[in-house]
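The values are calculated or read from the model by the stated rules, or taken from the named source; none is laboratory data. Quick caveat, the model's predicted, so the values are computed rather than measured. In this analysis, Cβ positions are derived from the backbone assuming ideal geometry, glycine residues included, and neighbour counts consider all displayed protein chains. For the accessible areas, the whole protein counts, side chains as well, though only heavy atoms, and no ligand, DNA or RNA atoms are used. Shrake-Rupley method; radii C 1.70, N 1.55, O 1.52, S 1.80 Å.
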Amino acid sequence: ITGGGNLAKAQSYQLVTSKDGLVSGDKYLIVNKEGDYALSTNQKSSNRAGTSVTIEDDGSILSSTLSSNVCILKLTEESSGIWSFYTTNGTNIGYLYASSSGSNQLKTQTTLNANGKSKITIASDGTASIIFQGTNTRNVLQYNYNGGSPIFNCYASASQSPVYLYRYIDSSTGTETGTDDPEISFD
């Protein structure tokens, strides 16, 4: 049985391609799919490192292939259309937030405030616009190849490379994105 023509893989992350893929309480990865990098658990002084991920031919990322350095985030809708990202693994547990108006910074804090709340827009190709609210004006989450030392950071505009959200799917529990009816074929 396949849903919408895609074979559902147990315990994988699937690209979010609409706002319907944003589900409060679910687990997500922030990824730059052109470079095959995900947000890392490694908090540098002012940004998050990128760590390599393998994106399958069908566009999914298998949970079994993720290194322990990949940051798994819990997405929560704080109010209508306003979201927070909470890190669930690694040594820097807390809320992602845009932490400066004068420098490009993405950090983690233990208490959620307006600088850790974001508006998220999803384009049909899956490009995610994540703009943190609050007073810090360098608030657009982007990916930067950074001369071979990839980072995820916040900038004053969408001047770097885009990010994408991948949502955790566990087909054994029935947690799946999309609303396509299953297609059944007999051989």
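Can you find a residue that is modelled with pLDDT of 95 or more and in contact with a Lys or Arg (Cβ under 6 Å, 6 or more places away or on another chain) anywhere in the range 132-148? Taking every residue of the range 132-148 in turn, at least one turns out to be modelled with pLDDT of 95 or more and in contact with a Lys or Arg (Cβ under 6 Å, 6 or more places away or on another chain).
Checking Val53, Val70, Val16, Val31 one by one, the residue that is farther than 20 Å from Cys154 by Cα, within 11 Å of the chain's Cα centre (by Cα) and not basic (Lys, Arg) is Val16 and no other.
With respect to being surrounded by fewer than 16 Cβ atoms within 10 Å (Cβ to Cβ) and not in a loop (DSSP other than H, G, I, E, B), Gly147 fits the description. Please find, among Thr41, Thr76, the residue that is part of a strand (DSSP E or B), among the polar types (S, T, N, Q), open to solvent by less than 30 Å² (accessible area, probe 1.4 Å) and under 29 Å from Ser103 (Cβ atoms). Answer to the check: Thr41.
Only one of the numbered conditions (1) open to solvent by less than 40 Å² (accessible area, probe 1.4 Å); (2) more than 12 Å from the chain's Cα centre (by Cα); (3) under 24 Å from Val140 (Cα atoms) is violated by Asp36, and that is (1). Residue pairs whose Cβ atoms lie under 8 Å apart, sitting 6 or more positions apart in sequence or on different chains, and linking a residue in the range 160-172 that is in contact (Cβ under 8 Å) with a residue 60 or more places away in the chain and under 14 Å from Leu141 (Cβ atoms) to a partner that is open to solvent by less than 40 Å² (accessible area, probe 1.4 Å) and not in a strand (DSSP E or B), are Ser161/Gly35; Tyr164/Val16; Tyr164/Gly126; Leu165/Val16; Leu165/Gly21; Leu165/Leu22; Leu165/Gly126. The residues in the range 165-180 that are open to solvent by 10 Å² or more (accessible area, probe 1.4 Å) and at pLDDT 95 or above can be counted, and the count is 2. Ala98 meets all of the listed conditions (1) touching a Lys or Arg at 6+ places or on another chain (Cβ under 8 Å); (2) closer than 24 Å to Ile169 by Cβ; (3) crowded, with 20+ Cβ neighbours inside 10 Å but one, namely (2). When the test is whether a residue is surrounded by fewer than 18 Cβ atoms within 10 Å (Cβ to Cβ) and either touching a Ser or Thr at 6+ places or on another chain (Cβ under 8 Å) or not in a strand (DSSP E or B) (or both), Leu112 passes it.
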